[in-house]
Structures are given as C-alpha cells and as structure tokens.
Amino acid sequence: MSSGFGSRNITIVPVRQISGFVAIAFMAFFLFVPETVAYNPEYDDFSRLSCRPLSMGQAGTALADDPSAIFFNPAALANQHRFALMHNHSARHFPSDITPTEVDQLDGDTQAIIVPLGPNITLGIGFNFEGEMGYDYRPLTDQVEFPIEHFAGVERFEGLGFSLSPLTQIGAARRSFVHRLSQPDLGSFSETNGERLSDWTKYGDGYILGFRQRIFPGLTYAGSSSKVDFDYNNGNSGRITRGNSAWELKPAGWLTLVREEEYSRFRENRPTAINSDTSARKSMFGMELNLGGLARLRYGNLSGNETWGFEWTLPNLRLMYTEATNYLDRVLDAGIERMKNLHFYGFILYI
C-alpha cells in the first residue's frame, strides 16, 4: 500500500507484517547466535554452600553455633567449645549416557573440623575433597541447553576465633584454592552449543577477618572483610574482595532472625584482552524456629531467591536438609532453565 505526498510515494507496511518480521528476527537471534560457556568467573560462593546458612538465605556472618563459621566469619568460632565435624553434600545429580553413568550437576561439598584450644580460643579448618567443588555437565542428547564443561577445585580454610570478653569475639582465617576448568573431548559431544574455552588452572590465596559484638541480650552485630588474589596459568590475574555486615536477633529462645548485606568486587587483569572490574550487592535474610530442641525449621531469602531447610537434632548429632530455589542461575552464566533448584544435606557430629 502506498500514499502520495507531493511527488514522493511512501510504502506503508502493515503492522501485522512488521510483527512477523520481528518474530522471525527474534527466533533467529536465539537459534543462530552461539550461547556462551557456563563458567561464571564472578561466582565465588562454592565454599558457602553449607546447609544451615544457605537455608537462612546464606546469611551466615552473624550465626554463632555452626562450624560453617570458618567460611563466613571466623570470629564465631570462639563461641564453639566442643570438638565437631561437619559434612555437607549437594544432592543434585542427573543421569548421562556417557561414562560415568551419573554425573554431578553441581558440587558444593563443604567439610569442617572444629577444635577448641582453650576457653577463649578455637581452631577451625574448612575444606572440600578433590573433585567435590564445582560442576560437571555431560548431558543426555535431548538436554542441549547444558554445555559440556567441567569445573572443579579444592579450597582450604584455616582460622582461629578469639573471645576477648563474653560480649566480643574476633577471628582471622586464611583461604587458599586451586580451580580448574576444562571442556573434555567427549566424541560426538565435543562440539557444544557455545564457545570453547581453553583449559586453565587458577591459584588463589587470601584471608577473612571478622568480629561479633553483642549489643544487648538477644541482639548481636557482626561483620567480616575478605580478600583473595589469584593467578591463572594463562597469565591473567585478579582479586576478589568482599565486605559483609550482619545482625542477629533472638527475641525469644525459639526464634532467630538474621539480616545481612554484602558488597563484593571482582577485578581481573588480562594482558591480551580488556580488563574486567565489576561489583555487586547482595541482601540476605533468614529465620530459624527451634521446635523444643528436637528439630529446627528454617527459611531464607537471598536477593529474591527463596531457601528453606530442616534440622533434626539428636544427642551429639545434627541432621540437616536444605533447598535453594532457582539458585543455579547464580552459579552459571548459561541461562539454564531446567533443574535450577539445588538440594543439600549434611550433618554436624559433636565428639
């Protein structure tokens, strides 16, 4: 259809035809533009996937009675006066038609050992076993959204918590890690939907400093500051810094409320490419109901992602289960739509 304005003819395209062009272009963009790899360099919370703090929105900086304090705030170690062992395991797996027959989707298996050294000082050691941190994607043929990619590593934390008074605790911990990314040759699966990253290894070393201060009975303020410097074997280097501030409120013996804010910064120096410098903020909230000392129910919110958990309390043993909804998108940059909820179980054994 055309319309004349003086000596010029203007063709008018019907709105329905325009909509069709837009729809085709939209489909073409998603069908023919390659997806990126799953690896997200700014995600640094594999060591923080412990049942209790994760079920409370990952607000672990102010919590005082859990061995996972070695990963969040070593000052809280000073409030733990019994030898303890902690184990956490990710229960999210999926089957594969490539050996092995079951491949991890995500691993965040944190372990911790708590050793009281005296009435006012406690040692904490946190770690994961080789291959039990990261993710491994070798999917079935109809799961094309999963890139074939393997990320794994080992993390170590060693820290001390000191009690300066019944009201004040301080602590410090050293963190070191080795991370590896690879996209293994899997025959017909070697051509993935995304770009192919060269295999690399990343070495990191840093610290966590923390404190807890009771303001008055039932209210505690806590904070932590951490830094880790890392180097790749390909010449890149960088630094991750993190600052956390948190409140713990216990209005009754059966109720615990925690609120936490985090500011983090990720910087990466790339000699052969553009440097990266990004920052992020997280808001975390959690609550815990103590059901007569026999069980605990937990709920949390991590910047919009709901978490929840359950604990069964036995003499010298705490059994825990936690679920984090839509959490996989926080770990990866692949826009994965299936199997996004993560599940963890664990225990704390007192000796």
**Request:** Return the residue satisfying two criteria in turn: it lies in the range 295-313 and is of a type in the set (Phe, Trp, Tyr) and under 16 Å from Gly346 (Cβ atoms), and of such residues it is least open to solvent (accessible area, probe 1.4 Å).
**Result:** Phe310
**Message:** Cβ-Cβ distance below 8 Å, separation of 6 or more or different chains: which pairs start in the range 43-61 with a residue that is more than 11 Å from Glu323 (Cα to Cα) and end on one that is crowded, with 24+ Cβ neighbours inside 10 Å and among the basic types (Lys, Arg)?
**Reply:** Gly60/Arg52
**Asked** Do you know which residues across the range 62-86 are open to solvent by 10 Å² or more (accessible area, probe 1.4 Å), closer than 19 Å to Gly309 by Cβ and free of Cβ contacts under 8 Å to residues at least 60 places away in the same chain?
**Response** Asp65
**Prompt:** Residues in the range 302-322 that are touching a Ser or Thr at 6+ places or on another chain (Cβ under 7 Å) and either under 27 Å from Leu85 (Cα atoms) or among the polar types (S, T, N, Q) (or both): how many?
**Reply:** 6
**Request:** For residues that are open to solvent by 10 Å² or more (accessible area, probe 1.4 Å), among the hydroxyl-bearing types (Ser, Thr, Tyr) and modelled with pLDDT of 95 or more, tally how many sit in the range 314-344.
**Result:** 1
**Tally of residues being touching a Leu at 6+ places or on another chain (Cβ under 9 Å) and of a type in the set (S, T, N, Q) across the range 286-307** = 2
**Message:** Quick check on the range 92-131: of everything there that is in contact with a His (Cβ under 8 Å, 6 or more places away or on another chain) and not in a loop (DSSP other than H, G, I, E, B), which residue is modelled with the lowest pLDDT?
**Reply:** Glu102
**Prompt:** Of the residues that make up the range 13-34, is at least one outside any helix (DSSP H, G or I), aliphatic (A, V, I, L, M) and at pLDDT below 70?
**Reply:** yes
**Request:** Take the range 258-284 and flag every residue that is without any contact (Cβ under 8 Å) to a residue 60 or more places away in the chain, open to solvent by 50 Å² or more (accessible area, probe 1.4 Å) and assigned to a strand (DSSP E or B).
**Result:** Glu261, Tyr263, Arg265, Arg267, Asn269, Asp277, Ser279, Arg281
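Does the range 171-186 hold any residues that are open to solvent by 50 Å² or more (accessible area, probe 1.4 Å) and modelled with pLDDT under 80, and which are they? If you could, list the steps in order and put the result at the bottom.
Just the residues of the range 171-186 that are open to solvent by 50 Å² or more (accessible area, probe 1.4 Å), to begin with: 174, 180, 185.
Within the range 171-186, Asp185 is the sole residue that qualifies.
The values are calculated or read from the model by the stated rules, or taken from the named source; none is laboratory data. Keep in mind the model is a prediction, meaning the values are calculated, not measured. So basically every Cβ, Gly included, is an ideal-geometry build from the backbone, and we count neighbours across all protein chains shown. Protein only, heavy atoms only, side chains kept; ligands, DNA and RNA dropped before computing areas. Shrake-Rupley method; radii C 1.70, N 1.55, O 1.52, S 1.80 Å.
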